[in-house]
Structures are given as structure tokens and as C-alpha cells.
Amino acid sequence: MAYSDQDWPQGTQTLGRGLSIILAVKAGVDTLSELALEIGCTRSTTQRLTAALLQQGWLRLKSTGRYGLGEKLTTLTAQAQTASPLLGLAAPLLQNLNETTGKMVHLGVRSDSHVIYLMRLEGRHPLALRTRTGQHVPLARTGTGRALVLDESESDWARLYRASYRHMPAGLPSWINRMRFYRASDCVFDLEDDEIGVHCVAAPVRDATGAIVASISVTERAGEMPLMRMKALAPQIRQTASQLSAKLGWHELSDVAD
């Protein structure tokens, strides 16, 4: 159980339950019955708590009837992330990528099994996307998210896929094969995997230890950025990611001995 009244001082248990509900939704628990089980409360008590969180904007109710994080929480997340030095280092590089390609550019970081979008620069032509700054999206669903897990094991890939595509279990082998190819090329292609009619090219950003700490992506309508165009853009996106990685202290290994 994620929550216990004993963990909170007398008189603050309701606050604890509410925060536990938010953390549970962030982790993917998104139905009333599952939330009640998670916090160890009755369905009626859980419903009262979730109703209050919905009213105040901490949660939202999706069209599917499942719960998601609300605008108030994602806004606070975005504000907190703004203080990160990563944004200051990334901004001029992403601005240049945005201007030279004319396409939408994203910067994302990992939060457990989700990608959080820290920055979104619009392209020359308006592109209606669900993604917005501060939003949490399952890692396996987007190119930006998958670029963050290129170094993970195949068993971790499978776990992330199953969490995001429960309705498509038969697609796992093909998805794993794609991830193998993307890891070899250090670049991810999103071919309408998350949104119909939208393509994305993404590359990982590494810190001084070589660990992936962020990802950069370019997004466009599929008709404006077909596969051949994606392949042509990939080196530029990888280069931008490498430049940001260098600012974080990472250096690519050279084939030339010292």
C-alpha cells in the first residue's frame, strides 16, 4: 500500500491521502477503484477526495473516464523545471534548431516512466499537438520519450511498452526491433506512434558520465516530414544533442588514440 495514516501527524491524514492520490495518478493508477485500493480508503471517501482535487485543478478527468494530472500541477512542474540550468544551456541551441528547420522543437527529461516537456518552440506552420510544456507523457509513446531510454535493457523496454500499449500486446516484438535500430543510430523516429499524421525525430542528450539526461526532438506533419526528410534531418538533430551534451561535460569517444 502506498499510503498509511501512521505516516502522517494527527489531523493531517486527509492531506496525506490527497497527496498520495496525486502520486498514484502520476504513477499510472487512474481509476477510482484502483485509487481507493492504493490509499486504503473506501470508494466513497476516495471519490470525495478526487472530486475536490478535480475541482481545484490538481487532477483532470480524461474522456476515457480515467484520471490524469491537472493543469495546476503541470504548471507548477513547469515553473520548477524552469530553474534547471539545463534550460539555460539548451535554449540557444534549440532556438537555432527551430529557426534552421522551421519545425516544432521539444526538450524533454525523464520522470519515472514519463517524459516531461520542459520546452516547446513552435514551427513556422502551426501544428496542433496534445503535448505542452510541463506535461507528463508515457515514455514509450513518443520519440522524445524513447530517446530517453535508448540505454535501457530490452526487458525495461518491454515493461514500458506494455504499460503504454496494453491494447496492442502483439506489437511488442516489432517495437523492440525498432528500438534496437534506434539505439544503434542514436536517433529515434516517431512514425505516427503517438498522434496520427505527426512525425518526430529525436536524439538523446548525455551528461559528463555518459548517462542520458534529456532528449531533443523535431516534430512536423507527416506529409511535410516524410521518412526520407526525417533521415536527412537526423544528423542535424544528433549534432544539436551532442552540442548540448558537450555543454554538460560529455565528450564523444574518439577513434584516434592519444
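Okay, residues lined up against (1) small (G, A, S); (2) modelled with pLDDT of 95 or more; (3) assigned to a helix (DSSP H, G or I):
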position: H167; (1), (2), (3): no, no, no
position: T209; (1), (2), (3): no, no, no
position: V218; (1), (2), (3): no, yes, no
position: G223; (1), (2), (3): yes, no, no
position: A257; (1), (2), (3): yes, no, no
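Among A222, A203, which is crowded, with 21+ Cβ neighbours inside 10 Å, closer than 23 Å to R130 by Cβ and of a type in the set (A, V, I, L, M, F, W, C)? First the steps, then the outcome.
Values: A222 fails: crowded, with 21+ Cβ neighbours inside 10 Å.
Residue meeting the stated conditions: A203.
Identify the residue in the stretch 162-179 that is charged (D, E, K, R) and surrounded by 13 or more Cβ atoms within 10 Å (Cβ to Cβ) and, among all such residues, is nearest to G28 (Cα to Cα). Reasoning before the result, please.
Keep residues of the stretch 162-179 that are charged (D, E, K, R), which gives 162, 166, 178.
From what's left, surrounded by 13 or more Cβ atoms within 10 Å (Cβ to Cβ): 162, 178.
Working: R162: 12, R178: 25 Å.
Restricting to residues being charged (D, E, K, R) and surrounded by 13 or more Cβ atoms within 10 Å (Cβ to Cβ), the top hit is R162.
Can you tell me which residues in the stretch 35-44 are open to solvent by less than 30 Å² (accessible area, probe 1.4 Å), over 26 Å from the mean Cα position of the chain (by Cα) and touching a residue at least 24 places away in the same chain (Cβ under 8 Å)?
The answer is C41, and nothing else.
Does the stretch 73-96 hold any residues that are open to solvent by 50 Å² or more (accessible area, probe 1.4 Å), at pLDDT 75 or above and not polar (S, T, N, Q), and which are they?
From the stretch 73-96, those open to solvent by 50 Å² or more (accessible area, probe 1.4 Å) are 75-76, 79-83, 85, 88-89, 92, 95-96; that's our starting set.
Now narrow it down to the ones that are at pLDDT 75 or above: 85, 88-89, 92, 95-96.
If the condition is that a residue be open to solvent by 50 Å² or more (accessible area, probe 1.4 Å), at pLDDT 75 or above and not polar (S, T, N, Q), then P85, G88, L89, P92 are the ones that fit.
Would you confirm whether or not the stretch 100-118 contains a residue that is part of a helix (DSSP H, G or I) and of a type outside the set (D, E, K, R)?
yes
Can you pull out the residues in the stretch 126-140 that are open to solvent by 70 Å² or more (accessible area, probe 1.4 Å) and more than 11 Å from D194 (Cα to Cα)? Working first, answer last.
Residues of the stretch 126-140 that are open to solvent by 70 Å² or more (accessible area, probe 1.4 Å), as a first pass: 126, 128, 130, 132.
Hits for the stretch 126-140 are P126, A128, R132.
Go through the stretch 166-197 and report how many residues are among the hydroxyl-bearing types (S, T, Y) and under 22 Å from V109 (Cβ atoms).
Pass one, the stretch 166-197, residues among the hydroxyl-bearing types (S, T, Y): 174, 182, 185.
Imposing the further condition that a residue be under 22 Å from V109 (Cβ atoms) reduces the set to 182, 185.
Going through the stretch 166-197 one residue at a time, the tally reaches 2.
Select from the stretch 142-163 the residues that are among the hydrophobic types (A, V, I, L, M, F, W, C) and outside any loop (DSSP other than H, G, I, E, B) and write down the one among them that is farthest from D186 (Cα to Cα). Let's see the steps before the verdict.
Residues of the stretch 142-163 that are among the hydrophobic types (A, V, I, L, M, F, W, C), as a first pass: 147-150, 157-158, 160, 163.
Among the residues that remain, those that are also outside any loop (DSSP other than H, G, I, E, B) are: 147, 157-158, 160, 163.
Numbers: A147: 8, W157: 16, A158: 19, L160: 19, A163: 23 Å.
Result: A163.
Give the residue that is most open to solvent (accessible area, probe 1.4 Å), with candidates limited to residues of the stretch 97-125 that are farther than 17 Å from D207 by Cβ and of a type in the set (G, A, S).
Checking each candidate, the answer is S113.
From E220, E224, which residue is in contact with a His (Cβ under 7 Å, 6 or more places away or on another chain), of a type in the set (D, E, K, R) and more than 22 Å from E252 (Cα to Cα)? Working first, answer last.
On the way: E224 fails: in contact with a His (Cβ under 7 Å, 6 or more places away or on another chain).
Step by step, each of E220, E224 is checked, and only E220 is in contact with a His (Cβ under 7 Å, 6 or more places away or on another chain), of a type in the set (D, E, K, R) and more than 22 Å from E252 (Cα to Cα).
Of everything in the stretch 180-199, what is assigned to a strand (DSSP E or B) and touching a residue at least 60 places away in the same chain (Cβ under 8 Å)? Give them in sequence order. Outline the logic, then answer.
First pass over the stretch 180-199, keeping only residues assigned to a strand (DSSP E or B): 188-191, 198-199.
The one that is assigned to a strand (DSSP E or B) and touching a residue at least 60 places away in the same chain (Cβ under 8 Å): V198.
Taking the residues in the stretch 1-15 that are over 30 Å from R166 (Cβ atoms) and surrounded by 13 or more Cβ atoms within 10 Å (Cβ to Cβ) as candidates, determine which candidate is modelled with the lowest pLDDT.
Step one: list which residues in the stretch 1-15 are over 30 Å from R166 (Cβ atoms), which gives 5-15.
In the following step, the residues that additionally are surrounded by 13 or more Cβ atoms within 10 Å (Cβ to Cβ) were identified as 5, 8, 13-14.
Working: D5: 64, W8: 77, Q13: 83, T14: 86.
The extreme case among them is D5.
Looking at the stretch 141-161, which of its residues are open to solvent by 40 Å² or more (accessible area, probe 1.4 Å), without any contact (Cβ under 8 Å) to a residue 24 or more places away in the chain and not hydroxyl-bearing (S, T, Y)?
Result: E152, D156, R159.
The values are calculated or read from the model by the stated rules, or taken from the named source; none is laboratory data. A quick note: this is a predicted structure, and the numbers were derived from the prediction, not measured. So basically every Cβ, Gly included, is an ideal-geometry build from the backbone, and we count neighbours across all protein chains shown. Calculation scope for accessible area: heavy atoms of the full protein, side chains included, ligands and nucleic acids excluded. Shrake-Rupley method; radii C 1.70, N 1.55, O 1.52, S 1.80 Å.
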